[in-house]
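Each reported figure results from applying straightforward, stated rules to the coordinates on display, with no laboratory input. Keep in mind that this is a model prediction, so the values were computed, not measured. Here the Cβ positions follow ideal geometry from the backbone for every residue, glycine too, while neighbour counts run over all protein chains shown.
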Amino acid sequence: MSAHVLVVDDLLPNIRLLQAKLEKEYYNVSTAESGSEALDIISMDPPDIVLLDVMMPEMDGFEVCRRLKASPKTSDIPVVMVTALSDVEDRVQGLNAGADDFLTKPINDHALFARIRSLVRLKGMVDELKLRDQTGEQLGAADEESREKMNNIAGSKVLVINDDPAEMDQILSHLEDTELEVDTAEDPAEAVAFTNATEYDLIMLSSQLRSDDPLHLSSHFRSQERTKYTPLLLLIEEDNTDLLVKALDMGINDYIVTPLDRNEVIARVTIQIRRKRYQDALKATQQQQLSLAITDGMTGLYNRRYFDTHVVKMLQKAEREERPMALIVVDVDHFKNVNDTYGHQSGDQILIQLAKRMMNNVRPTDLCARYGGEEFVIVLYDTDEEAAMAVAERVREAIEEESFTIPADPGKLDKTISLGISGRRDGDQPSDLVERADKALYYAKEHGRNQATLYTDKLKDLPTE
Ligand SMILES: [Mg+2]
């Protein structure tokens, strides 16, 4: 499906020119002749991209951009500011207003389509991230805070490949105040060695290396696992269109025309690094979700991994809201005997039925997870130690009072559990809470099993179970 582009300019001839160019490439174009008209159109039929003139009477492009970026409904729509060539400072100002990219008039076709393509890709990524956000809220995907973090490029790693000492000096001085970590390479071999050792957020590549064809080097970067998705920014002379077209086809993300303008360099570098951050966040979320099958296949309870992820957030929330919270560790008494005497199938049956009884005796908001082989945890939010002890006792009774059904003879088996309980203390890490409950469990086991023990500081020298 072709992308929907909204062109905003106060001069009709400018609109017509851009519209013709875009429609020729099968983009779906709508137009607006003022900032307020643009805002109306966007609120009714959000486009995939906005091309926004800066200089307009009444409401200028910066103001339109700020309004779009301030509203959660429209903040993810990429905005390209269109500035006059002479207004170099507008570019950085545009980025500060939240613009995603900019173009200078007169608009070069290669620049137009390179940037639109790249923004359509970015929009796809952001949409995907938001979707993950909704489905995997608890897994730490991109909320507003992390989005802001992604937009901050300080500390990002940049590799500059250039064998012209004067140009190199100029680049370094342009990047001086950006808080980027910059490495420099003077030839392709050195550049490859750097990229083999370090993961960069951006590679800036000169198109005029004496020792190698820059396209050769870019194709190398695109073929390597480590640099496959690293943004490549090409420095190129004004009229070298042939090389530019080839480079864009090959997967260069963007380019800067030499001689270099400071604002342009900072803006292009910022845009590319921000995009890399989005991409990384998306990949991380994907991986998290793939590897995080959240339930234990046998018992249907949450698994250890989910517990580990979730308990951190529960603890933070309890601490922030100053609420009590408790953790119970549950261990089946003499479980090894079951497997040895009645076989693994019987052992599995006991764990399955035990999980069910446990679930029936806690609230739906409590978290029950299988922690290890025959060990379980229950996390009780907004529950103090006394109430947690009552829950532990109830669960213990539910296990003791009814035999388990097993496939092996004699078909029934009585089992008991031991439990250790610990209440949240300020400053607790999950491991602190688990460790104290484990000591209480150790005490329960040492004192005859089939009982629940609440941790107190008397138990602090006990080993963990
Ligand atoms: Mg104008």
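Here are some notes:
- Nearest-20 debye value, the chain charge dipole, Cβ charges on Lys, Arg, Asp, Glu: 1560
- At least 15 Å along the helix axis (C-alpha) and Kyte average at least -0.5, DSSP helices within the chain: 12-24, 109-135, 344-360, 385-400
- Summing charges over neighbours of His4, with a neighbour being any other residue whose Cβ is under 9 Å away from its Cβ, gives -2 when K and R count +1 and D and E count -1.
- Cα centroid separation - region 150-205 against region 408-465, whole Å: 54
- Within straight-line cross-link reach of Lys21, lysines at Cα separation under 22 Å, skipping those fewer than 8 residues along the same chain: Lys105, Lys123, Lys246
- Segment Glu386-Gln208, length gained on full extension (0.36 nm per residue, minus Cα span): 56.7 nm
- A simple spin-label model places pseudo-atoms 7 Å from Cα toward Cβ; at Met359 and Ala84 they are separated by 6.9 nm.
- Each peptide in 40-47, 315-322 was scored by the mean count of other Cβ atoms within 10 Å over its residues; highest first, the order is 40-47, 315-322.
- Difference of contour (0.36 nm per residue) and Cα-Cα distance, Glu58 to Lys458: 136.6 nm
- Environment charge of Val192, counting only residues whose C-beta is closer than 11 Å and scoring Lys/Arg +1, Asp/Glu -1: -2
- A simple spin-label model places the labels of Glu446 and Glu148 4.9 nm from each other, with each point 7 Å out along Cα-to-Cβ.
- Candidate lysines - alpha carbon under 19 Å from Lys157, same-chain residues fewer than 8 apart omitted: Lys149, Lys228, Lys276, Lys283
- Note on Ala197 and Lys228: their simple-model spin labels are 2.5 nm apart, each label 7 Å out from Cα toward Cβ.
- Euclidean distance between Cα centres, region 23-67 to region 237-264, Å: 27
- Fully extending the segment from Lys21 to Leu260 would add 83.3 nm, taking 0.36 nm per residue of separation and subtracting the current Cα-Cα distance.
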